[in-house]
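Working notes for the structure below.
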Amino acid sequence: MLNCLLDNTETGLDPLYLLTPELLETWLMQTSAATADIVRINLFSGKLGEVLKLPISNGRKLTIAGIGKNPVAADIAVLPAKLGHNKYFLAFAPQALDRDKLALAWLKGCYRFENLQNKKTEFAKLQIIGADREQVLLRAGAVTYARDLINTPANILGTEALEQAIVSLGQEFGAKVSSVIGEDLLKQNYPLIHAVGRAADQQPRLVHLVWGNDKNPAISLVGKGVIFDTGGLNIKTGNYMKLMKKDMGGAANALATAKMIMQAKLPVFLNVFIPIVDNAISANAYRPSDVLPSRMGASIEIDNTDAEGRLILADALTRAIEDQPDLMIDFATLTGAARVALGPELAPYYTKSDSWAQKLEAEAKSENDPVWRMPLWDGYDALLDSDIADICHTASSPMAGSVTAALFLQRFVADTPWIHFDIYGWSSKSRPGHPVGGDAQGPFAVFAMLQKEYAS
Ligand code: BES
Ligand code: MN
Ligand code: ZN
């Protein structure tokens with residue numbers, strides 16, 4: 001995918017024009033009558049996705065591609081799969097379209113998850129002079145990384161393989177990676193991660209990646225790593241379960257964020273905590289009505305074993321704040337309610353900090369990584385009270401399910417500045433640059449925010 005953006009040294013490339021219907025008309029008036037005829041005969045009108053090759057001098061071709069009325073940069077993601085196995089340079093595009101955004105959209109259009117099949121889509125390669133290649137490739141690499149992790153099914157990406165993926169990421173950037181696995185989770189006081197994951201074939205684990213100089217501002221990332229969510233004893237029905245290989249989407253997005261931070265060498269001290277479990281069913285599965293201890297010390301009443309994500313996050317968040325980070329950010333495919341509220345395109349996030357919210361939203365816009373703030377509404381906090389334990393892990397009312405899940409997590413973060421994402425992590429309908437499947441949500445807004453805040 002990354003090799004679809006050619007560097008500036010390549011020569012002998014065919015020119016590519018991106019045309020709206022309006023710009024097409026203007027151009028046809030300037031070009032030769034013969035060329036204009038070919039365009040008309042072929043009914044080329046500048047609609048998004050139309051492609052036409054025209055002969056020009058010395059055996060070269062001019063390729064024109066329609067980008068539709070009122071295009072945005074993201075639209076060109078439809079083109080790489082339509083332009084054949086050729087190499088182009090961007091010779092003309094509407095002025096209003098930013099070159100960096102065009103380059104990133106182009107690369108997003110060069111992504112398909114085809115690791116597990118023989119079919120391989122052929123993508124065209126493009127050179128875009130004026131694009132900041134390094135920044136674009138950094139982001140595109142994170143897109144591929146997150147999507148591949150999410151799209152890989154749980155029989156291939158089990159708890160061991162996800163841990164291995166983090167070990168490899170650490171090796172790539174000289175980070176230290178350590179894990180607490182299985183029974184050791186009990187010995188080292190992660191009772192919730194152990195309880196949720198203990199029924200599975202592959203053992204539950206907490207993976208910790210550390211990178212950078214500890215004198216720098218400390219950023220901690222946490223990601224929900226449920227490699228598959230059957231719902232546990234509160235088993236999901238078929239349709240709802242089918243998608244649940246994506247329940248490590250929070251981990252994928254936290255790791256994608258970490259990858260960009262390390263690749264850009266941001267001057268921060270980075271700690272990433274990924275609790276990894278398979279929420280499976282067996283004789284030793286945790287049950288509704290069990291009361292479990294937590295790392296923080298509070299006893300937790302289990303109401304529904306399908307609310308597993310907040311449990312493993314609770315222990316991971318408790319561990320993360322022990323380092324007293326300057327900012328902690330977690331990503332999780334935590335509730336179906338978040339998707340009901342905002343749908344698949346917007347990433348709902350929660351924070352008590354107006355100043356971080358403002359910084360995040362400023363970057364979300366320019367990064368084309370939309371986020372939407374949700375309320376940590378104190379009025380609902382009492383819904384988490386339990387008759388027999390210190391806290392019940394689900395609310396006594398089904399309303400505002402994403403809010404009450406966030407309030408549960410908030411009980412474990414004390415005064416640490418904190419942002420929580422309740423993402424969907426999946427594109428259910430294909431749109432330009434977003435094929436059906438796993439998707440990154442939030443990491444670009446977060447990375448750009450950290451880059452602006454901390455880059456020297
Ligand atoms: N992983 C799911 C949440 C989810 C479901 C995200 C569908 C995206 C799409 C999570 O573990 C879950 O099952 N949550 C329950 C919580 C409920 C039992 C309180 C939910 O949202 O139904
Ligand atoms: Mn669940
Ligand atoms: Zn889940």
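The values are calculated or read from the model by the stated rules, or taken from the named source; none is laboratory data. This one's a predicted model, so the numbers in the text were calculated from it and none came from an experiment. Counting neighbours? That spans all protein chains shown, and the Cβs are built from the backbone with ideal geometry, glycine included. In case anyone asks, the SASA skips ligands and DNA or RNA and just uses the protein heavy atoms, side chains included. Shrake-Rupley method; radii C 1.70, N 1.55, O 1.52, S 1.80 Å.
Exactly one residue out of ALA142, ALA165 is assigned by TED's automatic domain parsing to the domain that holds GLU367, under 20 Å from ASN368 (Cα atoms), of a type in the set (A, V, I, L, M, F, W, C) and touching a residue at least 40 places away in the same chain (Cβ under 8 Å): that is ALA142. Scanning the stretch 409-436 for residues that are within 16 Å of ligand 3 (Cβ to nearest atom) and not in a strand (DSSP E or B) turns up LEU409, ILE423, TYR424, GLY425. Within the stretch 300-342, if we keep just the residues that are of a type outside the set (D, E, K, R), open to solvent by 40 Å² or more (accessible area, probe 1.4 Å) and more than 30 Å from PRO432 (Cβ to Cβ), the residue that is farthest from ligand 3 (Cβ to nearest atom) turns out to be GLN324.
The residue of the stretch 229-256 that is nearest to ILE419 (Cα to Cα), among those that are of a type in the set (Val, Ile, Thr) and within 11 Å of ligand 2 (Cβ to nearest atom), is THR230. The stretch 136-235 holds strands (runs of 3 or more DSSP E) entirely within its bounds, and those carrying 1 or more residues that are buried (at least 23 other Cβ atoms within 10 Å of the Cβ) and not polar (S, T, N, Q) map to 205-211, 218-223, 225-229.
When we screen LYS176, LYS215 for residues that are in contact with a Gly (Cβ under 9 Å, 6 or more places away or on another chain), free of Cβ contacts under 8 Å to residues at least 60 places away in the same chain, away from ligand 3 (no atom under 16 Å from the Cβ) and in the same structural domain as MET449 (by TED's automatic domain parsing), the only hit is LYS176. Only one entry in LEU233, LEU221, LEU292 is more than 16 Å from the chain's Cα centre (by Cα) and more than 16 Å from ligand 3 (Cβ to nearest atom), namely LEU292.
With respect to ASN253, determine if the residue is over 23 Å from GLY174 (Cβ atoms) and open to solvent by less than 30 Å² (accessible area, probe 1.4 Å). No; evaluated as a whole, the condition is false for this residue. Suppose we keep only residues that are in a helix (DSSP H, G or I) and open to solvent by 40 Å² or more (accessible area, probe 1.4 Å) within the stretch 343-372. Which one would you say is nearest to LEU102 (Cα to Cα)? The selected residue is SER366.
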